[in-house]
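What follows is one structure encoded as C-alpha cells, with my remarks underneath.
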Amino acid sequence: MEKVYLHDIPFQEAWSRWVESLFEVNLWNALEAEEVDLEHALGRVTAEPVWARISSPHYHAAAMDGFALRALDVREARDKAPVKLRVGEQAQYVDTGDAMPPWADAVVPIEHVEFMGARQDPRRPEQIVVRSSVAPWAHVRPMGEDLVATELVLPAGQTLRPVDLGAIAASGHSTVRVHRRPLVAILPTGSELVPVSSEPEPGEILEYNSLVLAAQVESWGGVAVRSPIVPDDLQRLKEAILESARQHDLILVNAGSSAGSEDFTAQAVEELGKLLVHGIAVRPGHPVILGMVRRPDAAARATSRGPQREPSSGNELISLGAWAPLIGVPGYPVSAALTGEIFVEPMIAKWLGRPAHAPATVRATITRKVHSSAGDDEYLRVTVGRVGDRMVAAPLSRGAGVITSLVRADGIVLIPSGAQGLQAGEEVTVRLYRPPADIERSLVILGSHDLSIDLLAQELAQRGSRLVSANLGSLGGLIALQRGEAHLAGCHLLDPDSGEHNLPYIRKYLPGVAVVVLTLVEREQGLIFLPENPKGIRTLADLARPDVVFVNRQRGSGTRVLLDYHLQRVGVAAEQVNGYAQEEYSHLTLAAAVASGRADVGLGIRAAASALDLGFIGLFKERFDLVIPEYHHQDPRMAPLLAALHDVTFRQAVSALPGYDVRWMGTEVARIGDG
C-alpha cells in the first residue's frame with residue numbers, strides 16, 4: 001500500500017473524510033437494537049417507538065377514599081335537604097385506586113358524608129347522609145386517563161429518564177428496545193508509561209489518559225474497555241489493535257500519535273487498513289490520526305458476539321461489520337480529552353441514535369489579549385462569571401499537558417483559523433462545561449494568585465458559593481477591576497517611593513472607583529533553592545553571580561515588583577541576573593522549576609518551598625490584600641466570602657501554611673475613591 005501521511009488539514013475536511021468513510025462501510029448510523037429490562041434501561045436510547053399495550057389506568061379507579069355512588073342519586077342533595085343512601089345497594093366504600101363498581105359514576109370523599117347505623121367498622125355504616133350534590137365522574141380516574149392502549153408512549157431516539165421508565169411500565173411493558181451501547185477499546189501506548197498505582201521514576205509518566213477517555217465514553221453512553229499499556233513496539237501494537245478489532249466498535253490508541261520518530265500508530269493503521277487523516281489544524285490536538293482497520297476474518301462472518309455487557313435479553317448478535325474505526329489520540333492530556341469531545345462523542349451519539357451533545361453557550365468578554373496561530377482552530381479554556389451586567393471570560397493555561405486547566409475551565413472558546421488571536425475586551429462565544437446557574441453564582445477573582453485563595457475557593461464551595469480565579473498578576477488584577485471584569489482582585493504591590501503596599505497602585509489604576517481594601521494574609525517572601533543549597537546562595541546579591549541561574553515571576557506580578565525594588569537597593573541590574581527573563585506564573589510553578597533543576601534559585605513564598613521540600617531563606621514580609629469595588633462589596637454573592645475571612649476554622653487552615661500570618665485577615669485597610 002502506498003504510504004500517505006496527511007498533516008494539519010482543516011478540521012472540517014478531516015471530519016468530512018471521517019464521516020464519508022464511516023458511511024461507506026455502513027457505520028454512520030445507529031447500532032442495532034437490543035431488548036433490556038426496564039431496571040437496566042436508564043440513560044439508554046429507544047431504538048423504536050414505544051406503544052401502550054394496555055390503558056393506564058385500565059379500569060375506572062377511585063381517586064379518593066370515600067363512597068362510590070350514582071351522581072344522579074344525590075342530584076337534589078342540599079344542606080337542609082340531605083339524601084340518605086343504603087350502603088351496599090346505593091353506595092359502596094372505596095379506597096383510592098380501587099375499581100369502581102360497574103353501576104357507580106362518582107365518589108363522595110369520606111369526610112363529606114355522615115354515617116347512620118354504624119356497624120363494627122365505622123367505614124361500613126348501614127346508611128350514609130350526603131348534603132351536597134356531586135358531578136358525574138367526580139373523584140374518579142376514568143380508564144385511559146393517562147394512556148390509552150395503542151397510544152404512543154415514547155418516540156424512537158428518546159434518552160430514557162426515570163419518568164420515562166415509569167410511563168413504559170404503566171403502559172404494560174417490562175422491557176424496552178434500545179440501541180446497543182458501542183464497545184470502545186482504549187489502548188494506552190508508550191514505553192515510558194506506568195500504571196497510576198506506581199511511584200514514577202524520572203522519565204516515567206503516570207498513565208491516566210485512558211482513565212479520562214474511558215470515563216468520557218461511559219458518560220456519553222458507550223462501554224469502555226481499557227487495555228494494559230502497550231510498549232513502543234510496532235508488532236505488539238498491531239497485535240493489540242487486531243485483538244481489539246475482533247469485538248469492539250471503536251478503537252482509541254492513546255499516546256500513539258505524534259510527529260516523532262516512534263509514532264507507530266499511523267504505520268500500524270496503514271499496514272492493517274486505511275489511513276485517512278494524520279494531523280489536524282487544531283490546537284490542542286494537532287497529531288490526531290483517523291483510520292480504518294480490517295477486522296480479522298471479516299469476510300468469513302457477518303456478525304459476532306461481543307463481550308459480556310449489562311444484563312439484557314441475551315439473544316441479540318452484534319453486527320460489527322468488516323471494518324473497525326480507529327482514532328489515534330494525542331498523548332498530552334488536554335489534547336486527549338478534547339479529541340474525545342470533538343470526535344468520539346459525536347460518533348457515540350450517532351451510534352446510539354441521539355443528537356450529538358450541544359453545550360449551552362453564553363456571550364462573554366475576554367479579559368486579556370490572546371495570541372493564536374492563524375492556521376489553526378484553537379480551543380481556549382476559560383473561567384466565566386457574571387460581573388455586573390455582563391459575562392467575562394478569563395483565559396487559563398493553554399499548555400496541552402495542563403489537565404488542571406480543564407478541571408478549572410468553565411468553558412471553551414473557539415478561536416477559528418485565520419484569526420490571529422483575541423483582543424482584550426472582545427466579545428466571544430463560550431461553550432459551557434458547567435450549568436449556567438453555576439456561572440451566575442460565581443465570584444470572579446483576578447490578579448495575583450495565592451495558596452490561601454485556593455483554600456478560600458474550597459471554603460466557599462462548602463458554603464454553596466463558587467470562586468473562580470485566573471492569574472493575571474497584581475497589576476493585571478487592578479486593570480481588570482478598572483475594566484469591570486472581576487468582582488475582586490488579589491494584590492501585593494510594594495510602592496518603591498513610599499514603601500507602602502497596594503494603596504498607591506490602587507489610587508493610580510482605579511481613579512474614581514470606590515473600593516474596599518481588606519487584608520487576606522501577611523506572608524513571607526524569600527529565596528527558594530535546592531535543599532543542600534549547592535550554590536551557597538544567601539542574599540539577592542548572589543543573583544548577579546554568573547554561575548547562578550534564576551527563575552523569575554511574570555511582568556506585572558507583585559513578586560516581580562518586589563524583586564526589582566530590592567535589586568535596585570542592593571545595586572544589581574536586571575541584566576546581571578542570569579535567567580531574569582525566565583518567567584513562571586505562580587509560586588508553585590516557580591518552585592517546581594527550581595526542584596527540577598531548570599534554575600538554581602527563585603524569589604517566592606515559604607509555603608511553595610515547603611510544598612516541594614526545597615530550601616528557603618526569608619527576606620521580606622508582605623501584605624496580600626483583596627481589592628473589592630464598593631458595588632461588589634455590597635453584592636449578596638460577596639457575603640459568604642466576607643464571612644469566611646472571619647471564620648475560625650478557615651483562618652486556622654490558612655495559618656497552617658508555612659510563612660503565613662492571619663492576624664489581620666478580614667481587616668479593612670482602607671476605603672478609597674468616591675465612585
**Prompt:** Only one residue in LEU276, LEU213, LEU206 is under 19 Å from VAL334 (Cα atoms) and touching a Gly at 6+ places or on another chain (Cβ under 8 Å), so which one is that?
**Reply:** LEU213
**Asked** Looking only at helices (runs of 4 or more DSSP H) that fall completely inside region 421-498, which ones have 2 or more residues that are small (Gly, Ala, Ser)?
**Response** 451-462, 474-482
**Request:** Output the qualifying pairs, or none if there are none: Cβ atoms under 8 angstrom, residues six or more apart or on different chains, first residue in region 169-183 and without any contact (Cβ under 8 Å) to a residue 24 or more places away in the chain, second residue among the β-branched types (Val, Ile, Thr).
**Result:** none
**Complete:** Taking region 625-646 and keeping only residues that are modelled with pLDDT of 95 or more and not in a helix (DSSP H, G or I), one is left with ASP625, LEU626, VAL627, ILE628, PRO629, LEU645, HIS646
**Prompt:** Could you say which residue among VAL153, VAL129, VAL134, VAL108 is touching a residue at least 12 places away in the same chain (Cβ under 8 Å), assigned to a loop (DSSP other than H, G, I, E, B) and not assigned by TED's automatic domain parsing to the domain that holds GLN216?
**Reply:** VAL134
**Request:** Give me the pairs, please: first residue somewhere in region 334-345 and more than 17 Å from ARG17 (Cα to Cα) and touching a residue at least 24 places away in the same chain (Cβ under 8 Å), second residue anywhere and hydroxyl-bearing (Ser, Thr, Tyr) and assigned to a helix (DSSP H, G or I), beta-carbon distance under 7 Å, and either six or more positions apart or on two chains.
**Result:** VAL334/SER405
**Asked** Does at least one position in region 536-553 carry a residue that is touching a helix residue (DSSP H, G or I) at 6+ places or on another chain (Cβ under 6 Å), in a strand (DSSP E or B) and among the basic types (Lys, Arg)?
**Response** yes
**Request:** Check PRO125 against each of (1) crowded, with 17+ Cβ neighbours inside 10 Å; (2) modelled with pLDDT of 90 or more and name the one condition it does not meet.
**Result:** (2)
**Asked** Which condition number does TRP18 fail, the rest of (1) of a type in the set (A, V, I, L, M, F, W, C); (2) touching a Gly at 6+ places or on another chain (Cβ under 9 Å); (3) in the same structural domain as HIS278 (by TED's automatic domain parsing) being met?
**Response** (2)
**Prompt:** Which number in (1) in contact with a Phe, Trp or Tyr (Cβ under 7 Å, 6 or more places away or on another chain); (2) at pLDDT 90 or above marks the one condition that GLN462 misses?
**Reply:** (1)
**Request:** Select, from LEU562, LEU530, the only residue that is farther than 17 Å from LEU614 by Cβ and surrounded by 16 or more Cβ atoms within 10 Å (Cβ to Cβ).
**Result:** LEU562
**Request:** Within region 147-161, count every residue that is surrounded by fewer than 15 Cβ atoms within 10 Å (Cβ to Cβ) and more than 22 Å from TRP351 (Cα to Cα).
**Result:** 4
**Request:** From VAL570, VAL551, grab the single residue that is surrounded by fewer than 16 Cβ atoms within 10 Å (Cβ to Cβ), touching a residue at least 24 places away in the same chain (Cβ under 8 Å), among the β-branched types (Val, Ile, Thr) and in the same structural domain as ARG598 (by TED's automatic domain parsing).
**Result:** VAL570
**Prompt:** Restricting the first residue to region 64-76 and requiring it to be of a type in the set (Asp, Glu), which pairs with a second residue that is surrounded by 22 or more Cβ atoms within 10 Å (Cβ to Cβ) meet a Cβ separation below 8 Å and a spacing of at least six or different chains?
**Reply:** ASP65/VAL94; ASP73/LEU85
**Message:** Would you confirm whether or not region 517-531 contains a residue that is within 16 Å of GLY604 (Cα to Cα), among the basic types (Lys, Arg) and touching a helix residue (DSSP H, G or I) at 6+ places or on another chain (Cβ under 7 Å)?
**Reply:** no
**Complete:** Checked region 206-236 for anything β-branched (Val, Ile, Thr) and within 15 Å of LEU338 (Cα to Cα); matches are VAL212, VAL217
**Prompt:** For the subset of region 403-420 comprising residues that are part of a helix (DSSP H, G or I) and among the β-branched types (Val, Ile, Thr), which member is farthest from GLY659 (Cα to Cα)?
**Reply:** VAL407
**Fill in**
Considering region 171-193, residues that are closer than 19 Å to PRO330 by Cβ and part of a strand (DSSP E or B), and then whichever is modelled with the lowest pLDDT, we arrive at LEU193
**Request:** Could you check how many residues of region 203-246 are assigned to a helix (DSSP H, G or I), without any contact (Cβ under 8 Å) to a residue 24 or more places away in the chain and either basic (Lys, Arg) or farther than 23 Å from ALA349 by Cα (or both)?
**Result:** 4
**Asked** Quick check: is even one residue across region 1-20 part of a loop (DSSP other than H, G, I, E, B), modelled with pLDDT under 95, of a type in the set (Asp, Glu) and over 30 Å from PRO284 (Cβ atoms)?
**Response** yes
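The values are calculated or read from the model by the stated rules, or taken from the named source; none is laboratory data. Since the model is a prediction, treat every value here as computed from it, not as a measurement. Backbone-built Cβ (ideal geometry, glycine too); neighbour counts: all protein chains shown.
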